[in-house]
Amino acid sequence: MNTLEIDDVYEQFETAEEKKQRTAKQNNSMHKYIRLVVAELRKQKVDMRDFVSGPILADEDIVKEKIWKKILHDVYGKDSTTDQTTKETVEIYETLNKFFAEGVGGKCDPFHIPWPSDEPPMVGE
């Protein structure tokens, strides 16, 4: 087998791994992460008008629908978290983690919430 064939096999493996649907543990952790983000945003009394129209405090539906799913749709063209892959789950988490760690452009105090599971956000890490 020459190098090109080895690279082709490796690329096929990577593609298959990237397309695996998120696991049940990832789903549970995603929802727990969203609840933890909500708790922190509420603690800081962040006005969600930066994310939705009208004054409203954070709740799970707003964080999931207007923040998590917005990234899922805008970056990956998907509308359901059921369709997100293991790789997309970790990438969305990392994006949000960085976003909140930077204080959402001064709209809240910076905070970090670790991935709430003993399973990494991406299978195979």
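If a paramagnetic tag sat 7 Å from the Cα of H31 along the Cα-Cβ line, which residues of the stretch 82-102 would have the backbone N under 19 Å from that point?
82-86, 89-90, 93
If you take every residue apart from K69 with its C-beta less than 13 Å away from the C-beta of K69, what net charge results, scoring Lys and Arg +1 and Asp and Glu -1? Walk me through the intermediate numbers first.
Working: positive: K64, K66, K70, K78; negative: E60, D61, E65, D74, D79, D83, E88.
Spelling it out: positives minus negatives among the neighbours equals -3.
Values in this text are rule-based calculations from the coordinates and carry no lab data. Values in this document were obtained by computation on a predicted structure and should not be read as measured data. Quick reminder, even Gly has a Cβ in these numbers, built from the backbone with ideal geometry, and neighbours come from all protein chains shown.
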